[in-house]
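This report refers to the structure that appears directly beneath it.
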Amino acid sequence: MAQKDQQQLGKTLWDIADQLRGAMNADSFRDYMLSFIFLRYLSDNYEAAAQKELGSDYPKLNNDDKRTPLSVWYEANEGDIEEFEKQMRRKVHYIIQPAYLWSNIAELARIQSEDLLVTLENGFRYIENESFESTFQGLFSEINLNSDKLGKTSKDRNKQLCNIITKIAEGIAKFSKETDVLGDAYEYLIGQFAAGSGQKAGEFYTPQQLSTILSRIVSLDSQEPKTGVKGKFDKILDFACGSGSLLLNVRKRIKDNGGSVGKIYGQEKNITTYNLARMNMLLHGMKDAEFDIFHGDTLENHWPLLNEMNPSKKMEFDAIVANPPFSLRWEPNDVLAEDFRFNSYGLAPKSAADFAFLLHGFHYLAKEGTMAIILPHGVLFRGGAEEKIRTKLLKDNNIDTVIGLPSNLFYSTGIPVCILVLKKCKKQDDVLFINASEHYKPGKRQNTLEEDHIKQIVETYQFRPEQVDRYARRVSMSEIEQNGYNLNISRYVSTAVSEEKIDIKAVNEKIIEIEKKAAEATAIHNQFLKELGLPPI
């Protein structure tokens with residue numbers, strides 16, 4: 001499906017959402033809408049695989065027969081169901097009972113069946129607990145089908161759900177069922193809901209342009225970026241993964257370039273966003289064994305997988321990306337001061353956990369890996385505890401590149417942000433500064449980066465030139481030391497236009513010449529005045 005069609009599908013779904021949500025706020029409606037799209041994807045994928053598995057035994061129904069082909073097969077082949085489901089688990093890694101397939105749910109909605117609400121509720125619980133080998137408990141926990149937001153009575157709620165599902169089914173019926181099409185539409189809707197939700201939305205959404213920059217940077221070979229995209233990544237981590245789009249972007253970038261990815265890992269504290277991320281992974285065709293998304297606090301390091309005390313069993317990642325909450329207040333304490341992630345650097349201040357997030361990720365970075373993290377500019381120049389952490393990272397030669405971005409790129413904040421690229425083993429003993437703060441397309445609500453802006457940033461990182469006028473420069477560690485380990489970008493790469501040099505001698509001669517001509521002209525003028533009998537000027 002062409003990109004234009006994918007965008008059209010996303011727009012179609014957004015228009016439906018806009019028409020239907022009525023008095024419901026965008027966040028609440030988002031959870032219903034995205035869950036229905038997720039169910040549709042799982043069902044389409046499952047029915048296509050079932051048709052392939054059953055071959056000529058897959059029932060062919062008349063157009064006026066509104067049953068699902070699989071329900072017909074189940075009724076006629078009760079003794080073979082167990083073996084069939086076993087095969088389906090092996091091939092598509094999940095099963096769905098015919099009653100819970102989207103095609104059946106959509107038909108119940110079309111005929112305004114009173115059974116819709118109960119069937120849908122049972123279907124969601126079935127998918128959470130029984131569809132997959134590894135359970136997806138709580139996947140639909142944010143969906144309250146008995147919410148007053150859908151109607152005061154059960155009958156009203158059933159009617160409203162019938163309306164929503166019928167509209168979605170009609171809206172997407174004409175679009176292709178290709179893999180990733182609904183996944184892309186899902187991402188589009190997340191972006192649209194984020195734009196409509198203001199500050200709160202920033203918690204789970206990284207603008208695609210920034211996601212693209214980070215994914216392109218960490219996909220390149222860590223030691224020799226100019227050689228291009230690295231071929232094999234065993235593990236990739238986003239420790240503040242939101243809806244998971246950054247992880248998916250990195251994976252797609254590597255695979256599109258012929259590389260392979262073992263497994264991707266994400267962590268998210270917000271339960272709603274955690275569920276969005278899990279659905280997003282499956283919607284992009286990933287098997288449940290290909291990703292691991294954990295619900296828990298990153299700063300407290302709740303994830304047992306990352307809390308291994310035995311250094312020989314420590315998890316390390318080839319690529320790490322993150323867009324953590326900016327300057328989050330946190331509660332550093334004596335226990336955290338001894339934590340293996342922080343004890344060599346010190347704790348970030350209570351007022352801003354930015355460096356705590358950075359150090360968390362950096363601890364798990366493999367020696368040959370690359371980490372790219374989006375942070376507010378304050379981490380570049382603030383003093384106190386942050387200065388100590390920054391200084392140690394610089395002295396250890398771990399900060400590879402500092403990229404300054406334009407302001408107003410996020411839905412959640414207008415402040416300018418930067419990207420820090422970090423490596424544990426770095427060849428160059430300088431730091432590359434890229435000042436891209438004036439390279440963007442201005443917008444009414446948000447500024448955006450176009451493909452040329454993104455390409456210039458990534459290629460400057462990739463080929464690391466000594467200097468690009470008013471844009472980038474490699475700065476020696478001695479110069480950074482002279483500046484007190486302050487990384488304020490404008491100290492090293494100014495975007496100001498130099499004032500034109502003025503030749504004072506030439507200007508003086510010009511003034512003398514002008515005054516001489518003025519005196520001559522006045523003398524001529526006074527001669528005319530004298531001839532007319534008038535006084536001179």
Point to revise | Among beta bridges that DSSP assigns inside the chain, antiparallel share in %, nearest 5 | key: 50
Study note, to complete from the structure: Relative contact order of the chain (C-alpha contacts under 8 Å, at least 6 apart) in percent is 10
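Using only the alpha carbon atoms of the stretch 379-499, find the Kirkwood hydrodynamic radius as the inverse mean reciprocal pair distance, in angstroms to one decimal.
Radius from the Kirkwood sum: 15.1 Å.
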Study note, to complete from the structure: Among L394, S494, P69, the residue whose Cα sits farthest towards the positive end of the charge dipole of the chain, when +1 is placed on the Cβ of each Lys and Arg and -1 on the Cβ of each Asp and Glu, is S494
Review point. Calculated FRET efficiency, N25 and Q112, Cβ-Cβ r, R0 22 Å, to nearest 0.05?
Key: 0.25
Check your understanding: How high is the relative contact order of the stretch 442-537, in percent, counting Cα pairs under 8 Å that sit 6 or more residues apart?
Key -> 14
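If Lys and Arg each add +1 and Asp and Glu each add -1, what is the summed charge of the other residues whose beta carbon sits under 14 Å from the beta carbon of N435?
Surrounding charge for N435 is +2.
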Study note, to complete from the structure: Taking the reciprocal of mean 1/r across every pair of different Cα atoms in the stretch 101-181, the Kirkwood radius in Å is 13.8
**Study point:** √(5λ) per eigenvalue of the Cα gyration tensor, the stretch 231-304, largest first, Å
**Key:** 21, 13, 10
Practice item. Quote the relative contact order of the stretch 1-134 in percent (integer), defining contacts as alpha-carbon pairs under 8 Å separated by 6+ residues. Key: 21
Review point. Give me the log10 of I(q) over I(0) for the stretch 21-123 at q = 0.12, 0.21 Å⁻¹, as the Debye formula computes it from C-alpha points; what are the numbers?
Key: -0.46, -1.19
Practice item. Could you pull the accessible area for D256 with a 1.4 Å probe, rounded to 10 Å²? Key: 100
Review point. Long-range amide H contacts for K235: which residues qualify at under 5 Å (H placed 1.01 Å from N, peptide plane, sequence gap of 5 or more or a different chain)?
Key: G262, K263, D318, A319
Revision key, fill the gap. Descending packing, highest mean Cβ count within 10 Å first, for 108-121, 304-317, 278-291 is 278-291, 108-121, 304-317
Study note, to complete from the structure: Computed for the chain: size of charge dipole around the Cα centre, +1 on C-beta of each Lys and Arg, -1 on C-beta of each Asp and Glu, debye to nearest 20, value 920
Revision key, fill the gap. Each label sits 7 Å from Cα toward the beta-carbon; between F463 and N163 the label points are separated, in nm, by 5.8
Study note, to complete from the structure: Between A48 and D297, the FRET efficiency computed from the C-beta separation at R0 = 35 Å comes out, to the nearest 0.05, as 0.35
Practice item. Using Cα centres only, tell me the gap between the stretch 264-340 and the stretch 451-509 in whole Å. Key: 37
Point to revise | Value of [θ]222 nm, deg cm²/dmol, for the chain, DSSP H segments ≥ 4, -39500 (n - 2.57) each, nearest 500 | key: -14000 deg cm²/dmol
Exercise for review: Percent of Cα-Cα pairs per 10 Å bin, from 0 to the last occupied bin, for the stretch 388-451, please list those.
Suggested key: 21, 39, 25, 14, 1
Study note, to complete from the structure: For S351 the rounded accessible area (nearest 10 Å², probe 1.4 Å, non-protein molecules ignored) is 70
Revision key, fill the gap. Per the Kirkwood formula over distinct C-alpha pairs, the hydrodynamic radius of the chain in angstrom is 26.6
Study note, to complete from the structure: Non-local residues with an amide H under 5 Å from the amide H of Q97, with H modelled 1.01 Å from N and Pro and chain starts lacking one, are none
Exercise for review: Go through K313/K392; K252/K444; K149/K269; K167/K252; K367/K392 and tell me which ones have a Cα-Cα distance over 23 Å in this structure.
Suggested key: K313/K392; K252/K444; K149/K269; K167/K252
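The values are calculated or read from the model by the stated rules, or taken from the named source; none is laboratory data. No experiment lies behind these values; they were computed from the predicted model shown. So basically every Cβ, Gly included, is an ideal-geometry build from the backbone, and we count neighbours across all protein chains shown. Note: accessible area is taken over every heavy atom of the protein model, side chains too, but ligands, DNA and RNA are not part of it. Shrake-Rupley method; radii C 1.70, N 1.55, O 1.52, S 1.80 Å.
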